[in-house]
1. If we scan the stretch 5-21, do we find a residue that is in contact (Cβ under 8 Å) with a residue 24 or more places away in the chain, assigned to a helix (DSSP H, G or I) and surrounded by fewer than 16 Cβ atoms within 10 Å (Cβ to Cβ)?
2. Condition (residue is of a type in the set (D, E, K, R), modelled with pLDDT under 75 and touching a Ser or Thr at 6+ places or on another chain (Cβ under 7 Å)) applied to the stretch 118-135: is it met by at least one residue?
3. Scan the stretch 146-175 for residues that are more than 21 Å from Gly80 (Cα to Cα), open to solvent by 40 Å² or more (accessible area, probe 1.4 Å), among the aliphatic types (A, V, I, L, M) and not in a helix (DSSP H, G or I) and jot them down.
4. With the requirement that a residue be crowded, with 17+ Cβ neighbours inside 10 Å and not in a loop (DSSP other than H, G, I, E, B), what does the stretch 24-35 give you?
5. What about Val51, is it among the β-branched types (Val, Ile, Thr), out of contact with any Asp or Glu (no Cβ under 7 Å at 6 or more places or on another chain), closer than 19 Å to His193 by Cβ and part of a helix (DSSP H, G or I)?
6. Could you go through the stretch 36-52 and let me know if any residue there is buried (at least 19 other Cβ atoms within 10 Å of the Cβ), touching a strand residue (DSSP E or B) at 6+ places or on another chain (Cβ under 6 Å), modelled with pLDDT under 90 and more than 19 Å from His94 (Cα to Cα).
7. Pairs, please: C-beta under 8 Å, at least 6 apart or cross-chain, first residue more than 21 Å from Asn167 (Cβ to Cβ) and without any contact (Cβ under 8 Å) to a residue 24 or more places away in the chain and in the stretch 77-98, second open to solvent by 20 Å² or more (accessible area, probe 1.4 Å) and of a type in the set (Val, Ile, Thr)?
8. Contact list please: Cβ distance under 8 Å, first residue in the stretch 41-58 and on the phi > 0 side of the Ramachandran plot, second residue open to solvent by less than 30 Å² (accessible area, probe 1.4 Å), pairs at least six apart or on different chains.
Amino acid sequence: MILDAQPDITVVAEVPDGAAAVAAAREHRPHVVLMDVRMPRMDGIEATRLVCEQTSSRVVMLTTFDHDEYVYDALRAGAGGFLLKDVRRDDLVHAVRVVAAGEALLAPSVTRRLITRMVAANMAANVAADQDASTAQGEGRGPDRRLEILTERERETLLLLARGLSNAQIAAAMVISEHTVKTHVGNVLSKLHLRDRVHAVICAYETGLVVAEAGETA
């Protein structure tokens, strides 16, 4: 009812479970899917993963649960936004519009600290496997090589993204135009094969970019 009341938003389907959500997304190809975390037959995390793999639809997770593991799993599955069900009506509508426009959005209670903690836990769980792989390839642990493909300005853009700056703030910090910032952001996402800004932030933490920079400037 909230979304259908908006002149620029049309609800094309409502479904009772995750499996039906995936089927509806394939059929209707909506710009945005509002996905609950806990549903029968297939949970929202798995449904989100399939929707993101099989369609161009963008997913906003909407749930009563704000536990860390749900947030991180949803983001890793490809969600472009995460909101709690007690979100205000205007904020819900805004979130749909933001995600439909290709941006990413998190509930105010979901902070960079959460992403830091979850990435650290994930890296700790996989450190042995990573070290084995590095040894087999004859490489040290060292910095993550994914970022080597970025130019210096793109790397700086990624760092500022991870610190939560908007395009306007990044433009001011780098003394460039917002149009140039958008170009840099687009290049970062394309080169690193990332869906949106949220996944760029996760990548920045996973590669150690944010931690390294924070240590240098502390």
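The values are calculated or read from the model by the stated rules, or taken from the named source; none is laboratory data. Computed from a predicted model, the values in this text were never measured in an experiment. Don't worry about glycine lacking a Cβ; one is built from the backbone with ideal geometry, like all the others, and counts go over all protein chains shown. These area figures cover heavy atoms from the full protein model, side chains too; ligands, DNA and RNA do not enter into them. Shrake-Rupley method; radii C 1.70, N 1.55, O 1.52, S 1.80 Å.
1. Pass one, the stretch 5-21, residues in contact (Cβ under 8 Å) with a residue 24 or more places away in the chain: 6, 8-9, 16-19, 21.
Next, only the ones that are assigned to a helix (DSSP H, G or I) stay: 18-19, 21.
Going one step further and asking which of them are surrounded by fewer than 16 Cβ atoms within 10 Å (Cβ to Cβ), we end up with none.
Within the stretch 5-21 (the criterion being in contact (Cβ under 8 Å) with a residue 24 or more places away in the chain, assigned to a helix (DSSP H, G or I) and surrounded by fewer than 16 Cβ atoms within 10 Å (Cβ to Cβ)), the answer is no, since none of the residues qualifies.
2. Within the stretch 118-135, the subset of a type in the set (D, E, K, R) is 130, 132.
Remaining after also requiring modelled with pLDDT under 75: 130, 132.
So of that shortlist, the ones also touching a Ser or Thr at 6+ places or on another chain (Cβ under 7 Å) come out as none.
No, every residue in the stretch 118-135 fails to be of a type in the set (D, E, K, R), modelled with pLDDT under 75 and touching a Ser or Thr at 6+ places or on another chain (Cβ under 7 Å).
3. Result: Val175, single match.
4. Passing the criteria: Ala24, Ala25, Val32, Val33, Leu34, Met35.
5. On the way: among the β-branched types (Val, Ile, Thr): yes; out of contact with any Asp or Glu (no Cβ under 7 Å at 6 or more places or on another chain): yes; closer than 19 Å to His193 by Cβ: yes; part of a helix (DSSP H, G or I): yes.
Taking the combined requirement at face value, the residue satisfies it.
6. yes
7. Close Cβ pairs satisfying both conditions: Lys85/Thr64; Asp86/Thr64.
8. Arg41/Asp17; Arg41/Gly18; Arg41/Ala19; Arg41/Ala20
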